[in-house]
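**Q** For reference, the structure I am asking about is given below.
The values are calculated or read from the model by the stated rules, or taken from the named source; none is laboratory data. Note that this is a predicted model, so its numbers are computed, not measured. Don't worry about glycine lacking a Cβ; one is built from the backbone with ideal geometry, like all the others, and counts go over all protein chains shown. Note: accessible area is taken over every heavy atom of the protein model, side chains too, but ligands, DNA and RNA are not part of it. Shrake-Rupley method; radii C 1.70, N 1.55, O 1.52, S 1.80 Å.
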Amino acid sequence: MADATPKFQILCLSGGGYLGLYTARVLAALEAETGEPLGRRFDLIAGTSIGGILALALAYEVPMARLVETFAARGKEIFSAREVPKRSVQRLRELGKGLAKPRHRAEPLRTLVREFLGDATLRDARHAVVIPAIAATEGGAKLFRTTDADVRAVDVALATSAAPLFFPLARIGADLFVDSGVFANAPDVIALHEAEHRAHVPRAAISVLSVGTTSAAYALPADTPTDTGTIGWGLNNRLLYTMMAAQQQLTATMMAESLGPRYLRIDHPNPPDAWNTLGIDIASPAARDMLLRLGDASAREALASGALKPFLAHRAPSR
């Protein structure tokens, strides 16, 4: 009987700021299941924004449990420990943040990422990665690859997560970069294209595991006014979450139609009231606990279903 193990496996990680703690928890559970670095199971790892940071950590075999512990404990250093604003005045005050300067500084994130990756360059990675960003000064998309020998991983991490309004633009050399979540919140299609057109892998040999950030099912309340303007769309980041959700839903649909059963998406559809706790830059104790709980639940469900078995059985060659 022919070996049913996929010949080329890709791991794709969506963006979502502090919501990526959910993603990290899922990955940590899968890594614990394998008993070794999870990156060794994938021929290519792709990630956007926080997913890009996690993808880089996997490529350098940083333990996912360490990522979970660090982001759970120090997320407030990067984002904020505040709760989601509940009252109108609080929401308006929150909306005003970021008008003159980004809501958060980049230095705490850079410091944290350097603790994991140091000054390693992309060529030092043990596993192949592709990390999208927007090359703002060139006017177009940029894909950072393991072949970008002299680019530091920490700089790529800042480039892919430089979300407008939330973080400053990232600079690499003379160029400025913006968070790739603007165009590829779920990098799955990019990774599929990389495998087919750069690695020349037949589509029939490709399998993709995609992990979200609990935001794909975000939806506006039914009583949202039809004439909602700038303030209404800006309150609690409604426009941002709507765009993130639409991108992830479209990507998942396209990938499922392209790969069929060889595409597996792990995510948690949050009920509307969850967004009274969760947020892209909300690192409150309540948000932390909910994301960890949801990550555990999703990992248990995926492992129990047996759908992950071929992914976790695969052995990818090291670089």
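**Q** Which number gives the lysine pairs in the chain that have C-alpha atoms under 20 Å apart and are eight or more places apart or on different chains?
**A** So the count of such lysine pairs works out to 5.
**Q** Please identify, among GLY234, GLY306, GLY52, the residue showing maximal mean-square fluctuation in a Gaussian network model of the chain using a 10 angstrom Cα cutoff.
**A** GLY306
**Q** Then there is this: Can you give the calculated 222 nm mean residue ellipticity of the chain, where each DSSP H run of n ≥ 4 adds -39,500 (n - 2.57) and the sum is split over every residue, rounded to the nearest 500 deg cm²/dmol?
**A** Taking each H run of at least 4 residues, the total per residue is -13000 deg cm²/dmol.
**Q** What would the Debye formula give as log10 I(q)/I(0) at q = 0.10, 0.12 Å⁻¹ for the alpha-carbon point model of the chain, no solvent?
**A** -0.52, -0.76
**Q** Does segment 165-264 come out rounded, prolate or oblate, given a ≥ b ≥ c as the square roots of the eigenvalues of its C-alpha gyration tensor, rounded meaning a/c under 1.5 and, failing that, prolate meaning a/b above b/c?
**A** It is oblate, given that a/c is not under 1.5 and a/b is not larger than b/c.
**Q** Compute the relative contact order of the chain as a whole-number percentage, counting only Cα pairs closer than 8 Å that sit 6 or more residues apart in sequence.
**A** Details: 612 pairs, mean separation 93.7, N = 319.
In percent, rounded to a whole number, it is 29.
**Q** Name the most mobile residue of THR137, THR230, THR147, meaning the one with the largest mean-square fluctuation, in a Gaussian network model of the chain with Cα contacts below 10 Å.
**A** Maximum fluctuation in the GNM of the chain, among the listed residues, is at THR230.
**Q** Further question on the same structure: Under 1.5 on a/c is rounded, so check that first for segment 218-302, then, if it is not, pick prolate when a/b is larger than b/c and oblate when it is not; a ≥ b ≥ c are the square roots of the alpha carbon gyration tensor eigenvalues.
**A** Since a/c reaches 1.5 but b/c is at least a/b, the shape of segment 218-302 is classed as oblate.
**Q** Turning to a different aspect of this structure: Taking the Cα centre of the chain as origin, sum charge times position over the Cβ atoms of Lys and Arg (+1) and Asp and Glu (-1), and report the length of that vector in debye to the nearest 20.
**A** The calculation lands at about 400 debye.
**Q** Same structure, new question: Which percent of Cα-Cα pairs in segment 13-154 sits in each 10 Å bin, short to long?
**A** 11, 37, 33, 15, 4
**Q** Which whole-number percentage describes the relative contact order of segment 150-243, with Cα contacts under 8 Å and a sequence gap of 6 or more?
**A** It comes to 15 percent, rounded to a whole number.
**Q** If you count only protein heavy atoms with a 1.4 Å probe, what accessible area per residue comes out for segment 161-313, rounded to a whole Å²? Don't skip to the answer; put the middle values down first.
**A** Values: 7080 Å² over 153 residues.
For segment 161-313, the solvent-accessible area averages 46 Å² per residue.
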